[in-house]
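The structure appears below as structure tokens.
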Amino acid sequence: MPLLEVRNLSVTIPTPEGDVHAVRAINLEIEKGEIHGVIGESGCGKTMTGMTLLGLAPKGARIVADSLHFDGEDLSKNAERLRGRRIGLISQDPAAALNPVLSIARQMDDVLRAHRNMSRQARRAEASSLLAATGLPDPQRVLKSYPHQLSGGMQQRVVIAQALATGADFLIADEPTTALDVSVGAQVLALLRKLVSDRGLTVLMITHDMDVIAEACDRVTVLYAGLSVEVGPVGEILQQPGHPYTQALLAALPDAAPHGARLAAIEGSIPPPRSGIEGCAFAPRCPKAMPVCARQVPPKRLAEAHRWLCHLPASAP
Amino acid sequence: MELVRYILRRTILSTFVVVGVTFLVFIVAQVVPSDPAALYAGPRPTAEQIEKARQELNLDAPLAERFVTFAKAMAAGDFGVSYKSRRLIADDLRAYLPATLELAIFSTGLALLIGIPLGVLAAARQGNWPDRLSSLGSIAAVAMPTFFLAMILQLIFAQWLGILPLSGRLSREISIAAPLPMITGFNLIDAVLAGRIEVVGDALKHLILPALTLASYPAGVAMRLTRSAMIEILERRHVTAARALGLSEPRILFGHALPNAMGPALTVIGLSFAYALTGAVLVEIIFAWPGLGRYVSEAILAKDFPVIAAVTMVVTICYVVMNLLIDVAQALVDPRVALS
Ligand SMILES: Nc1ncnc2c1ncn2[C@@H]1O[C@H](COP(=O)(O)OP(=O)(O)O)[C@@H](O)[C@H]1O
Ligand code: SF4
Ligand SMILES: [Mg+2]
């Protein structure tokens with residue numbers, strides 16, 4: 001049984017201008033110990049999916065799923081209890097994720113105090129060793145600092161140390177390198193890989209950057225307009241993408257692309273989040289679209305270890 | 001290091017403010033159309049007596065010389081003699097200033113203690129009944145005239161329930177039969193210093209109603225400011241991050257979000273304090289509180305300028321010192337303040 005099993009998740013947010021379909025139908029299967037990438041253009045529901053898993057979807061959001069289970073527990077009931085105990089968050093902008101008016105020592109200590117039954121001194125020592133475990137060279141100095149006194153890379157390491165301090169074994173990393181310099185981002189990815197192998201963590205890696213997928217992930221789920229359209233091992237998907245959208249993503253990435261290049265533009269844009277979708281969501285932008293695509297929901301295709309949704313048969317190039 | 005430099009900068013700025021006010025007070029004294037010598041010389045003075053007073057008061061010396069004399073005297077705490085009562089103003093201040101400060105500090109503390117938690121609660125339950133109720137309460141607190149609130153409080157707690165005294169700073173049995181030695185002039189402190197615990201309780205009981213009356217307006221303002229600051233801060237990413245870290249809701253509200261909202265809340269202290277220092281005339285009269293407000297209002301009616309000048313100076317200095325403390329507190333709460 002996978003550690004995380006999400007089947008047919010939809011998250012709808014009512015607004016005065018109408019319902020926003022932030023997530024329409026997402027499937028995720030994440031095995032223990034893997035780094036599972038989730039990639040897609042901005043607005044395709046990556047963050048909302050992560051927040052739903054943490055039980056932090058906006059108030060009033062309608063969450064429906066055939067299955068929403070973490071380690072056998074129903075997340076639609078227990079997300080609040082699992083959050084910060086088994087499931088942690090590493091968010092996009094570490095400068096915004098840290099409290100600007102509290103010292104790092106205080107912010108680490110608050111987390112440890114909430115989760116561990118330890119004396120003050122023990123907590124202090126633990127905070128220091130957790131910071132060291134994230135590769136921060138001088139933990140004592142970092143503890144005395146305030147967030148604005150640290151670089152972006154150091155801040156992100158502190159955020160990771162906080163997540164470790166909760167004891168969580170499943171981390172949702174929402175574009176953890178987007179706000180960082182490319183080389184610093186690469187170091188943070190290397191750190192996450194190391195923590196996964198050293199501590200047996202599992203990571204859901206949200207990104208819009210194919211390089212992050214290639215560099216850090218074991219398997220990947222491709223999202224389009226709130227739908228998961230393809231899933232499989234990273235190597236296979238990079239070599240033989242099945243879904244025309246994944247193909248377009250890879251094609252838009254020139255071979256000589258500078259490291260960390262954003263997704264180059266694909267003609268057109270994603271369907272508006274307030275409208276319903278008929279047939280294949282990608283049809284208006286798909287170079288291979290057929291008349292049937294606009295009318296019927298595409299069927300599931302299989303090749304080797306990966307699957308995708310498309311009207312084109314798997315053998316078609 | 002940044003903090004030390006910041007405090008130094010603020011202190012220098014404050015000194016300028018005090019010097020500026022000294023100059024203003026002196027200038028106003030020259031412009032106010034009344035003859036200090038005539039006032040000083042007493043009722044129905046002869047021309048001779050007035051002339052003598054002019055010399056005693058050094059009124060014929062050049063303006064610049066008189067300003068220097070004035071500033072030096074102020075700096076030395078020598079505020080001169082009241083035209084009206086002929087008493088040393090410094091002696092009067094020693095009695096009235098602590099009474100007013102005690103009330104001002106107590107009511108400011110009360111305002112924060114009531115206003116800030118209610119503001120946090122209202123923000124946390126935005127739109128629900130705790131929010132509606134405390135928002136309504138804050139409007140009432142700000143809008144209610146002081147004298148009216150004072151009378152209602154007296155009616156309920158002194159007249160009907162009889163659990164708090166109607167007015168005064170201490171009970172007769174203490175102030176007449178066994179008065180406190182005057183050490184600091186703050187009854188609470190003097191009672192502790194004298195080891196008379198029963199007097200601490202008596203002084204506290206006398207403080208509650210006037211302090212509550214004075215606290216009403218700033219508590220309402222503190223509540224509104226804290227509420228709006230908290231609503232904005234609770235939307236920030238680091239609050240979501242704190243939730244994702246599994247921190248408890250009270251911990252997030254008071255330990256994480258509130259320190260970010262302390263800026264506006266601290267600003268209220270300055271407002272509340274200034275209001276209590278001189279805006280308290282009515283409260284001091286209603287509660288027979290022997291403080292600066294009553295003292296200066298009598299001086300104004302009598303055109304007793306040395307008293308007015310002395311009170312203005314003292315209040316300015318209290319206010320400037322308070323603001324300096326607030327600035328330092330703000331820099332301690334938010335380390336980025338010292339950087340700007
Ligand atoms: N609080 C919200 N209220 C209404 N719509 C929202 C809210 N949060 C996100 N959305 C919408 O949901 C969709 C998915 O957003 P998000 O998950 O943030 O996308 P991504 O992280 O993939 O860029 C977007 O169309 C976005 O505008
Ligand atoms: S179903 Fe049709 S439109 Fe959709 S991706 Fe496949 S070919 Fe393109
Ligand atoms: Mg996002």
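With respect to the conditions (1) within 14 Å of another protein chain (Cβ to nearest Cβ); (2) over 24 Å from A:Ala190 (Cβ atoms), A:Ile87 lacks only one, and its number is (2).
Within segment A:133-177, how many residues are open to solvent by 40 Å² or more (accessible area, probe 1.4 Å) and closer than 30 Å to A:Arg81 by Cβ?
Adding up the residues that qualify gives 1.
Scanning segment A:211-229 for residues that are more than 23 Å from A:Pro273 (Cβ to Cβ) and within 16 Å of ligand 3 (Cβ to nearest atom) turns up A:Val212, A:Ile213.
Selection of helices (runs of 4 or more DSSP H) fully inside segment B:220-321 by the criterion of at least 1 residues being open to solvent by 10 Å² or more (accessible area, probe 1.4 Å) and under 28 Å from A:Pro100 (Cα atoms) returns B:237-244, B:258-278.
Number of residues in segment B:242-256 that are farther than 18 Å from A:Ala163 by Cβ and more than 7 Å from chain A (Cβ to nearest Cβ) equals 4. Scanning segment A:57-74 for residues that are within 14 Å of chain B (Cβ to nearest Cβ) and surrounded by 19 or more Cβ atoms within 10 Å (Cβ to Cβ) gives a single hit, A:Ala57. Here the condition is being more than 20 Å from A:Arg106 (Cβ to Cβ), in contact with a Lys or Arg (Cβ under 8 Å, 6 or more places away or on another chain) and β-branched (Val, Ile, Thr); of B:Val268, B:Val281, B:Val199, B:Val221, it holds for B:Val281 alone. Of the residues making up segment A:29-46, those that are surrounded by fewer than 22 Cβ atoms within 10 Å (Cβ to Cβ) and either within 14 Å of another protein chain (Cβ to nearest Cβ) or within 16 Å of ligand 3 (Cβ to nearest atom) (or both) are A:Glu41, A:Ser42, A:Gly43.
Away from chain A (no Cβ under 14 Å) and in contact (Cβ under 8 Å) with a residue 40 or more places away in the chain: is that true of B:Gly293 in this structure? Considered against the rule, which asks whether it is away from chain A (no Cβ under 14 Å) and in contact (Cβ under 8 Å) with a residue 40 or more places away in the chain, B:Gly293 comes out as yes. Of all residues in segment A:109-136, those that are away from every other protein chain (no Cβ under 14 Å) have Cβ atoms under 8 Å from Cβ atoms of residues that are open to solvent by 50 Å² or more (accessible area, probe 1.4 Å), 6 or more apart or on another chain, in A:Arg123/A:Arg113; A:Arg123/A:Arg116; A:Glu126/A:Arg116; A:Glu126/A:Met118; A:Ser128/A:Gln140; A:Gly135/A:Gln187. When segment A:1-28 is filtered for residues that are open to solvent by 20 Å² or more (accessible area, probe 1.4 Å) and among the small types (Gly, Ala, Ser), the ones remaining, listed by number, are A:Ser10, A:Gly18, A:Ala25.
Rundown of residues vs (1) among the polar types (S, T, N, Q); (2) over 22 Å from the mean Cα position of the chain (by Cα); (3) open to solvent by 50 Å² or more (accessible area, probe 1.4 Å); (4) on the phi > 0 side of the Ramachandran plot, yes/no style:
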position: B:Ala122; (1), (2), (3), (4): no, yes, no, no
position: B:Ser134; (1), (2), (3), (4): yes, yes, no, no
position: B:Ala143; (1), (2), (3), (4): no, no, yes, no
position: B:Thr184; (1), (2), (3), (4): yes, no, yes, no
position: B:Leu193; (1), (2), (3), (4): no, yes, yes, no
position: B:Gly201; (1), (2), (3), (4): no, yes, no, no
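If the condition is being of a type in the set (D, E, K, R) and facing chain B (nearest Cβ under 7 Å), then segment A:90-108 contributes only A:Asp93. Does at least one position in segment A:156-168 carry a residue that is in contact with a helix residue (DSSP H, G or I) (Cβ under 8 Å, 6 or more places away or on another chain), among the basic types (Lys, Arg) and free of Cβ contacts under 8 Å to residues at least 60 places away in the same chain? Yes, there is a match, as at least one residue in segment A:156-168 is in contact with a helix residue (DSSP H, G or I) (Cβ under 8 Å, 6 or more places away or on another chain), among the basic types (Lys, Arg) and free of Cβ contacts under 8 Å to residues at least 60 places away in the same chain.
Let's see how each residue does on (1) modelled with pLDDT under 75; (2) of a type in the set (Gly, Ala, Ser); (3) surrounded by 15 or more Cβ atoms within 10 Å (Cβ to Cβ):
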site	(1), (2), (3)
A:His259	yes, no, no
A:Ile270	no, no, yes
A:Ala283	no, yes, yes
A:Pro287	no, no, no
A:Gln296	no, no, no
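Within the option set B:Val239, B:Val221, being farther than 29 Å from A:Pro58 by Cα and more than 8 Å from every other protein chain (Cβ to nearest Cβ) holds for one residue only, B:Val221. The single residue among B:Ala261, B:Ala241 that is under 25 Å from the mean Cα position of the chain (by Cα) and over 25 Å from B:Phe148 (Cβ atoms) turns out to be B:Ala261. Residue pairs whose Cβ atoms lie under 6 Å apart, separated by 6 or more positions or on different chains, with the first residue in segment B:321-340 and under 13 Å from B:Arg5 (Cα atoms) and the second of a type in the set (Val, Ile, Thr), are B:Val328/B:Ile7; B:Ala331/B:Val337. Let me confirm something: among A:Ala114, A:Ala97, which residue is of a type in the set (Gly, Ala, Ser) and crowded, with 19+ Cβ neighbours inside 10 Å? Answer to the selection: A:Ala97.
Could you tell me whether segment B:13-24 includes any residue that is on the phi > 0 side of the Ramachandran plot and either modelled with pLDDT of 85 or more or surrounded by fewer than 12 Cβ atoms within 10 Å (Cβ to Cβ) (or both)? Taking every residue of segment B:13-24 in turn, none turns out to be on the phi > 0 side of the Ramachandran plot and either modelled with pLDDT of 85 or more or surrounded by fewer than 12 Cβ atoms within 10 Å (Cβ to Cβ) (or both).
Of all residues in segment A:53-79, those being within 16 Å of ligand 3 (Cβ to nearest atom) and in contact (Cβ under 8 Å) with a residue 60 or more places away in the chain number 2. Might you check whether a residue that is over 18 Å from the mean Cα position of the chain (by Cα) and away from ligand 1 (no atom under 11 Å from the Cβ) occurs anywhere in segment A:87-98? Checked against the condition, which is being over 18 Å from the mean Cα position of the chain (by Cα) and away from ligand 1 (no atom under 11 Å from the Cβ), segment A:87-98 yields at least one hit.
The values are calculated or read from the model by the stated rules, or taken from the named source; none is laboratory data. Just so you know, these numbers come straight off a predicted model, no measurement behind them. Cβ sites come from the backbone with ideal geometry, for glycine too, and all protein chains shown count toward neighbours. Please note that ligands, DNA and RNA were not included when accessible areas were found on the heavy atoms of the full protein model with its side chains. Shrake-Rupley method; radii C 1.70, N 1.55, O 1.52, S 1.80 Å.
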